[in-house]
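Structure first, commentary second.
The values are calculated or read from the model by the stated rules, or taken from the named source; none is laboratory data. Since this is a predicted model, take the numbers as computed values, not measurements. Counting neighbours? That spans all protein chains shown, and the Cβs are built from the backbone with ideal geometry, glycine included.
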Amino acid sequence: MSEGGPDARPPDDLRPAWLSDAVDQAADLVFLTDDRDRFVYVNRRAIDLLGTPPTKLVGEPVVAVVAPEAHARILDALQAARLGDPSDTQVVECAFVAKHAPEPVPLEITLRCVTVRRHRRGCVAVARSVVAREDSLSQLLASERVAAIGDLANQAADRINNPLAVLVTHAGVIERAAREGKPAGPESLEQMRNAITRIADVTEELSTIADTSIQKLLLGRPIADIGAAPNHGELSPS
């Protein structure tokens, strides 16, 4: 059995017939360029993203679909990918001209050199919409903020429940003493005063948060800091 070297070609069963269809169904624009920076392959995402079928792009220079002000940027990135270290990746933002869009579509493009049997043949590129990327980041941030607010609410509930239990317990003690015609014990009154102070501290912090931009607060301070509170000494209900 022969050993496979760096130039060994994979067997046919590792290059399935549906590979091209799979790339065509990718969410991002995928294309290959030759050593003259021309398209040699473009997946079907070009139809949705650029309003141009792949067959219209193959053989055309990449700059044919790039806004003029971005020509130098994309050509520099392609050259850096082709001539640089094959393991290096170039990332560049360029505006592509889409037929269905009134303005050029900003894309983030990741480029890497393609080598075949140690010979550089061109570049492989994956391009995604910058707007879609920003929308995804905004949704992620919004989800994280909602989770942070939920965490804050849980922390507030935990910090209120303990002194509330103290109040309920000692109110019961005082109520039983009153039924028996006895004066309220000073210890119960002190425990209740401490519990009320601790609850007041929490509500004051929540009022401060409500009066502040929640977005600025959550982005500017760790949630652990927001939930931190002075230690009044935890008192378990007796």
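Structure data summary
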{"item": "Residue match in region 128-136 (condition: touching a strand residue (DSSP E or B) at 6+ places or on another chain (Cβ under 8 Å) and either at pLDDT 85 or above or not in a helix (DSSP H, G or I) (or both))", "result": "yes"}
{"item": "Test for Arg145: is it at pLDDT below 75, touching a helix residue (DSSP H, G or I) at 6+ places or on another chain (Cβ under 6 Å) and surrounded by 13 or more Cβ atoms within 10 Å (Cβ to Cβ)", "result": "yes"}
{"item": "Test: residue in region 209-217 that is modelled with pLDDT of 60 or more and among the basic types (Lys, Arg)", "result": "no"}
{"item": "Pair list, Cβ < 7 Å and 6+ apart or interchain, from region 160-189 residues that are closer than 24 Å to Thr203 by Cβ to residues that are among the acidic types (Asp, Glu) and modelled with pLDDT under 80", "result": "Asn162/Glu234"}
{"item": "Of the criteria (1) modelled with pLDDT under 75; (2) in a helix (DSSP H, G or I), which one Ala184 fails", "result": "(2)"}
{"item": "Residue that is surrounded by the fewest Cβ atoms within 10 Å (Cβ to Cβ) [pool: residues in region 88-113 that are over 17 Å from Leu75 (Cβ atoms) and among the aliphatic types (A, V, I, L, M)]", "result": "Ala101"}
{"item": "Test: residue in region 78-91 that is in contact with a helix residue (DSSP H, G or I) (Cβ under 6 Å, 6 or more places away or on another chain) and closer than 20 Å to Leu49 by Cβ", "result": "yes"}
{"item": "Every residue from region 52-68 that is of a type outside the set (Val, Ile, Thr) and under 14 Å from Glu93 (Cα atoms)", "result": "Ala67, Pro68"}
{"item": "Residue ID - modelled with the lowest pLDDT, chosen from residues in region 187-208 that are among the aliphatic types (A, V, I, L, M) and over 42 Å from the mean Cα position of the chain (by Cα)", "result": "Leu189"}
